[in-house]
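The values are calculated or read from the model by the stated rules, or taken from the named source; none is laboratory data. Quick caveat, the model's predicted, so the values are computed rather than measured. Cβ placement follows ideal geometry from the backbone for every residue including glycine, while neighbour counts extend to all protein chains displayed. The accessibility values were calculated without ligands, DNA or RNA, using every heavy atom of the protein model including side chains. Shrake-Rupley method; radii C 1.70, N 1.55, O 1.52, S 1.80 Å.
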Amino acid sequence: MTDVTGVTDVTGVTQEITETETETEAGPARITWHPAKRARLVLAVSHGAGGGIEARDLQALARVLPGHGVTVALVEQPWRVAGKKVAPAPKTLDTGWRGIWPELARPGLPVVSGGRSAGARVACRTATELGAHAVLALSFPLHPPGKPEKSRADELLGAGVPTLVVQGGNDPFGKPEEFPEGAYELVEVPYGDHGFAVPKRAEITQERALEIITEGVLKWVASLG
C-alpha cells in the first residue's frame, strides 16, 4: 500500500511524501518517506517506546534534511502500527527493524540507521549485521531514570560504525556528561529533556533547540563521505 501526499520543506521545495507498509516477522511496519531530489543517502529513524514519528526531533529532521540531499524515512515499528501502547521486548523490536531494512535499502543508497530512545538502542544493536553506513542515536537512554548503575553503554559502544549521539542537557535517561568515552560524537541540546523539550526559562527557544539538532546532524552527515 502506498499513499502520496505533498508538503513544502524549509527550502520551499514541495516534497512528495509517500507512505508504505512492509511485512516483518513482528507484523506490518510503516515507512513514511520524505525524499530528497538528489539523494546521496537515506536516514532511517524510528520512534521510542512511548511515542511515534510525530516526535519533534523526528519531524524536524524530516522537514530539513531532504533539502540537503538526505532522504528521511520515518519508521513506525509493528507494535505501533498495530495500535498497541506498550513496546514489546528488545528482541522483538530488533526483529521488526531487520524486516524493515530491505525496504530501506531498496533505493540503493547508503543507509544511516537511527532512532530516538528505544529506537536508538535498536539501531546500535543491529548496525553491524545490517550493514548500516552509520548510526544516529537521538536521546539515547543510557540508563533508566535514577538508576545510573543499569548502564546500556555497551550497546552504544558496540555499534561498530560511525555514530552520532544527540542528547538533551537535562535528559533523565542520561545527561551528556554521564556518557563514557568512546568512538562516537555527541551533540548536546542545552536544557533539553528526553523529548528535547526546553523550559520557558531556558536561555534558548524550542525552535533553537530543534535547529541545534538539525544543524548537528547535517554537519555529521556531511563528514561521513
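Things to note:
- Solvent exposure of E16, expressed as accessible area, is near 130 Å², computed with a probe of 1.4 Å over the protein chains only.
- Length, then width, then depth: along the principal axes, the Cα atoms of region 120-225 run 43, 35, 20 Å.
- Rounded to the nearest 10 Å², the accessible area of S151 at probe 1.4 Å: 60
- The magnitude of the dipole of the chain, with charges of +1 and -1 set on the Cβ of Lys/Arg and Asp/Glu and taken from the Cα centre, is near 180 debye.
- q = 0.18, 0.20 Å⁻¹, region 79-161: log10 I(q)/I(0) [Debye, one scatterer per Cα]: -0.78, -0.94
- Normalised contact order of region 18-123, rounded percent, pairs of Cα under 8 Å and 6 or more residues apart: 37
- Cross-linked pairs K85/K219; K84/K175; K91/K219; K175/K219: Cα-Cα separations exceed 27 Å for K85/K219; K84/K175; K91/K219.
- Relative contact order of the chain, pairs being alpha-carbon contacts under 8 Å that are 6 or more residues apart, as %: 15
- The charge dipole of region 94-225, taken about its Cα centre with unit charges on the Cβ atoms of Lys, Arg (+1), Asp and Glu (-1) only, comes to about 320 debye.
- For region 64-128 and region 170-222, distance of Cα centres in Å: 21
- q = 0.09 Å⁻¹, region 25-141: log10 I(q)/I(0) [Debye, one scatterer per Cα]: -0.20
- Coil-residue GluC sites (Glu not before Pro) of region 57-154, DSSP, other Cβ within 10 Å capped at 13: E149
- Packing, as the average of other Cβ atoms within 10 Å across residues, places the peptides 57-63, 168-174, 89-95 in the order 57-63, 168-174, 89-95, highest first.
- Whole-percent carbon and sulfur share, accessible surface of the chain, 1.4 Å: 52
- Principal axes of the chain: Cα extent on each, largest first, Å: 44, 39, 35
- Per-residue SASA remark: L224, around 40 Å² accessible (1.4 Å probe; ligands, DNA and RNA not included).
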